[in-house]
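Heads up, the thing below is written out as structure tokens.
Just so it is clear, none of the values below were taken in a lab; they were calculated from the coordinates. This structure is a prediction, so every number in the text was calculated from the model and none was measured. Here Cβ is always computed from backbone atoms with ideal geometry, including for glycine, and neighbour counts include all displayed protein chains.
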Amino acid sequence: MYKDIVVKNVSQSFSRQTVLSNVNLEVEKGETVGIVGANGSGKSVLFKIICGFIAPKQGEVYIRNQKLGKDIDFPAQVGVFIDTPGFIDLYTGLQNLQFLAAINKKIDDQQIKKTMEQVGLNANLKTKVKDYSLGMKQKLGIAQAIMEHQNIIILDEPFNALDYRTYQDMKAIVKQLKEKAYTILLTSHNYEDIEELCDRTYFIDEGKLTLLTEEIKERYFQR
Ligand SMILES: Nc1ncnc2c1ncn2[C@@H]1O[C@H](COP(=O)(O)OP(=O)(O)OP(=O)(O)O)[C@@H](O)[C@H]1O
């Protein structure tokens, strides 16, 4: 069956540190898949490999049946939020998105403003990004990931360090994307933050990716 994302036997190490060990993952179109794991467990490295930012030491990645590093270097139409994106501090949110949109020239100002509203940002706000709160920056990061209607969305810790209200807003945005049958991959430190959004949730530890089970929840996530 057709899959939007296929990760096949991927391993990655830096110097002598093994970060990913024979990782396999398949995501169908329209699925929302979550990955939970502790700090430094390899979530971001896996996402960077899926986005073509890092070539894995071993294994293969296919995005919409195209092999990364062979058919394509970077997958097209993939919205990415990994680490808090580097925005231009002295630009407003709108100016930042206009700057990014000018690269692909796929969307106009009206569409950019619509996306800002969708994530709960006022497009007319004159505040520069350097004065944005963390929540506003996260929202702007999500806006840049979805504004060109990319139908595969990769969100690394989108809910990190947000207050409850902003977390609820961000969750609602992901739910909207899910309803539109976007394919979504997302991570969190805490399964409770993402499990209700996900069709499947995986756990990453010591380089291995496994389905998150009740036993793992009890063992690793007792507070
Ligand atoms: N470019 C790199 N060079 C060397 N080591 C790296 C590099 N990128 C990541 N690592 C190491 O790989 C490990 C996994 O990092 P990664 O950023 O994927 O963790 P994470 O699960 O996303 O953690 P966090 O939840 O803290 O963001 C870490 O030990 C990190 O130091």
Check: What are the ³J(HN,Hα) values, in whole Hz, obtained from phi via the Karplus relation 6.51 cos²θ - 1.76 cosθ + 1.60 with θ = phi - 60°, for each residue of region 161-169 in sequence order, with x given for Gly and Pro?
Finding: 6, 9, 6, 4, 4, 5, 4, 5, 4
Margin query: I want to check the label-to-label distance for Asn9 and Asp73. Put each point 7 Å from Cα in the C-beta direction and report it in nm to one decimal.
Written below: 2.7
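What is the ratio of the Cα radius of gyration of region 171-223 to 2.2 N^0.38 Å, where N is its residue count, to two decimals?
1.23
From Cα pairs below 8 angstrom and at least 6 apart in sequence, can you work out the relative contact order of region 81-150, rounded to a whole percent?
44
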Next item on the list: Any chance you could get the radius of gyration and Dmax over the Cα atoms of the chain, in Å?
Entry: 17.4, 49
Next item on the list: For the chain, give the share of DSSP beta bridges that are antiparallel, in percent and rounded to the nearest 5; count only bridges with both residues there.
Entry: 50
Next item on the list: Could you please report the charge total around Glu206, scoring K, R as +1 and D, E as -1 over all other residues with beta-carbon less than 15 angstrom from its beta-carbon?
Entry: +3
Checklist line | Cα-based equivalent ellipsoid, region 1-82: semi-axes from gyration tensor eigenvalues, Å | finding: 20, 15, 12
Item checked: Whole-angstrom Cα spans of region 59-185 along principal axes, big to small -> 43, 32, 24
Check: By average Cβ neighbour count within 10 Å, what is the ranking of 13-26, 140-153, 171-184 from highest down?
Finding: 140-153, 171-184, 13-26
Notebook entry, point to check: So what are the three principal axis dimensions of region 81-150 from its Cα atoms, in whole Å, longest to shortest?
Noted result: 28, 26, 20
Margin query: Let's see if you can work this out: charge +1 on each Lys and Arg Cβ, -1 on each Asp and Glu Cβ, no other charges. What is the dipole magnitude of region 131-209 about its Cα centre, in debye to the nearest 20?
Written below: 280
Next item on the list: At most 15 other Cβ atoms within 10 Å and a DSSP loop assignment: could you name the chymotrypsin sites (Phe, Trp or Tyr not before Pro) in region 21-80 that fit?
Entry: Phe53
